[in-house]
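Okay, structure first, notes after.
The values are calculated or read from the model by the stated rules, or taken from the named source; none is laboratory data. For clarity, every value in this text was computed on a predicted model and none was experimentally measured. All Cβ positions, even for glycine, are placed from backbone atoms using ideal geometry, and neighbour counts span all protein chains on display. Remember, those area values only see protein heavy atoms, side chains included, never the ligands or the DNA or RNA. Shrake-Rupley method; radii C 1.70, N 1.55, O 1.52, S 1.80 Å.
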Amino acid sequence: MTAIAFRVTATRPAALVLFAAAAATVGAALIVQHGFGYVPCKLCLTERQPYYLALPLALAAALLPPRFARWVLAGLALLFLASAGLGAYHAGAEWGFWPGPSDCGGGTGAAPASVNDFLKSLDTIRVVSCTDAAWRFLGVSLAGWNALISLALAGFAGAASLRAVRS
């Protein structure tokens, strides 16, 4: 193991790397949504939940003594592994490998004031499907990138947890 890898996989630095990576990943998703106007589907929103949970857990791991932090890092490894599964499921549904959820669509806006307002809003509402990739980079959708990033973070958290156990 190189000197840099050895230092980064210590419990406190590893927890801070996981915190920064989770914040950057979910932050990028929020920028794509709010900055570029991509409306997330139900699965997209569900895929963010492990990151929201990882943020306080990673901070806790950074603050806890190493003997407790290793268990939090192990939990983060499992959390990111589950997140990778969600991303892979979503990406597979986008590629048509299996059907997506039947109830998948975009979020709702404010309730219309009257029936006429409701009928007018039907002309402009676009339902977001979980089976259509809104955008691809290098041929991989955002869900696919989530699966890859989550898998990498799971491996990193697992390696840091194992290193803490062996120390």
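Provide the per residue accessible area, probe 1.4 Å, for the stretch 23-96, rounded to a whole number of square angstrom.
The answer is 50 Å² per residue.
For the stretch 36-46, putting each phi into the Karplus relation 6.51 cos²θ - 1.76 cosθ + 1.60 with θ = phi - 60° gives couplings of 10, x, 7, 8, x, 8, 4, 5, 4, 5, 5 Hz, in residue order, rounded to whole numbers and with x for Gly and Pro. The slack between F97 and A152, meaning 0.36 nm per residue of separation minus the straight C-alpha distance, is 17.5 nm. Multiplying the residue separation of V32 and R12 by 0.36 nm and removing their Cα-Cα distance gives an extension gain of 4.2 nm. Packing here is the average count of other Cβ atoms within 10 Å per residue, and on that basis the peptides 56-66, 23-33, highest first, run 56-66, 23-33.
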